[in-house]
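The values are calculated or read from the model by the stated rules, or taken from the named source; none is laboratory data. Quick caveat, the model's predicted, so the values are computed rather than measured. Positions of Cβ are generated from backbone atoms using ideal geometry, with glycine treated the same way; all protein chains shown enter the neighbour counts. These accessible areas exclude ligands, DNA and RNA; they are computed on the full protein's heavy atoms, side chains included. Shrake-Rupley method; radii C 1.70, N 1.55, O 1.52, S 1.80 Å.
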Amino acid sequence: MTTPDEPDQEQAATPLVPAYVITNGRSLLDDDEFSLITLVTTAQNSPSTQYLDPEKRRLLELCSGGHLSVAEIAGHTQFPVGVVKILLSDLTQTGYLITRAPIPAAKLVDRNILEEVLHGLQARFG
């Protein structure tokens, strides 16, 4: 048990850094390219990470294991989704990450066509 003067282990492990510090005061653009289900992974020939911020290195480490969605990355890092999108945008533009947009929703099929197919199947197979 911890005393009121000393933080517990979990709080001590994650320092509180304001979001505007992590993003250098930037906000999301209107033409936001990342949705919650956009898949992200590291590029094979990415530049050196020597001069990257710790938060960006953390994102690269997470993404090096395979494709993760923006929502999963936000969950693992416990950063707000907006902050994650800004950092991912920076890393994508500088060649560290590759993104794969979600597959667009399927076009709705006409109900009449589906009913005709159903009737045809019922007539053939009973």
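Here residue 53 sits with roughly 60 square angstrom of accessible surface, probe radius 1.4 Å.
Here residue 108 and residue 35 are evaluated by their C-beta separation; at R0 = 22 Å the FRET efficiency comes out at 0.65.
Residues whose amide H lies under 5 Å from that of residue 97, counting only those 5 or more places away or on a different chain, are 43, 92; hydrogens are built 1.01 Å from N in the peptide plane. Computed extension length for residue 94-residue 45: 16.5 nm, one decimal, from 0.36 nm per residue of separation with the Cα-Cα distance subtracted. Per-residue packing, averaged as other Cβ atoms within 10 Å, sorts the ranges 33-42, 117-126 into the order 33-42, 117-126, beginning with the highest. Shape of segment 39-121 from its Cα gyration tensor (a ≥ b ≥ c, root eigenvalues): rounded if a/c is under 1.5, otherwise prolate when a/b > b/c, or oblate? Prolate is the answer for segment 39-121, as a/c is 1.5 or above and a/b outweighs b/c.
Placing 103, 113, 73 in order of accessible area, with the largest value first and a 1.4 Å probe, yields 103, 113, 73.
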